1. Hey, could you pull the Cα Rg and Dmax for the range 35-157, both in Å?
2. Need the full-extension length gain, K131 to N155, defined as separation in residues times 0.36 nm minus the C-alpha distance. One decimal, nm.
3. Which value, in debye to the nearest 20, gives the size of the charge dipole of the range 108-150 about its Cα centre, when Lys and Arg are +1 and Asp and Glu are -1 at the Cβ?
4. Figure the gain on full extension for I55 and A188 (residue separation times 0.36 nm, minus the Cα-Cα span) and round it to one decimal in nm.
5. Please report, to one decimal in angstroms, the Kirkwood hydrodynamic radius of the range 33-86 built from all distinct Cα-Cα pairs.
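Here, each number is a calculation from the coordinates, and none is a lab measurement. Since the model is a prediction, treat every value here as computed from it, not as a measurement. Methodologically, a virtual Cβ is constructed for each residue, glycine included, from the backbone with ideal geometry; neighbour enumeration extends over all protein chains shown.
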Amino acid sequence: MHRWIPLLLVAALSSPPLLHAQTAAAPEDPAHNELRALRTQFLDAIKSGDVERVITYVHPNVVVTWQNQEVCRGQQGLRDFYNRMGKDAFRGYKVDPIPDELTILYGGDTGISFGSSVAAYRLLGKEYEFKNRWTATVVKENGRWLLASYHVSNNTLGSPLVNTAKRAVYWGGVTGLVVGLAFGLLVARRRKRLAR
């Protein structure tokens, strides 16, 4: 019986899953370091508020969809959006955009990345922080990686603007109730006096 133990051990150690685990992990595609550099440069440009520098990292046909469902097409569309909205509203990142995992590469010249960020905004005279989810497509043209599309969204039901609106409705209801009760008491007193 004991002579089978070494054979079982050899069989177990040579099984495909264990052999696979013992092989060295495949080296990381060099594109990931290039994409890390793009991310760093792109974020530096955004944080500096330099829209013209940001434009140098986006594809001429870029498509960006923002949290308010507005879509920018092309470099000029992105420039126009920033000049109309971004300068005054966007206050920077509380948490920089962080990818959930390495960019998914397709054919060596296209990649998709996704992750999260926390952005600060000034809207309607108040400061807000939005926890966002985003998806980005990057393409490599003429030896350079460029942002080809970007979609950013947040939890509509749990957004700071919705929470502010809920509070306003709540306090408006409380105020209306108090005013209604006070008015009702005044009317009741007046009727009581007239009845005398």
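1. Cα-based Rg and Dmax for the range 35-157 come out at 14.0, 47 Å.
2. Working: separation 24, 0.36 × 24 = 8.64 nm, distance 0.76 nm.
The K131-N155 span can extend by a further 7.9 nm.
3. On the way: 6 positive and 4 negative charges, 26 e Å.
Around 120 debye, computed over the range 108-150.
4. On the way: separation 133, 0.36 × 133 = 47.88 nm, distance 6.79 nm.
Using 0.36 nm per residue and subtracting the Cα-Cα distance, I get 41.1 nm.
5. Working: mean 1/r = 0.0862 Å⁻¹.
Here the Kirkwood hydrodynamic radius works out to 11.6 Å.
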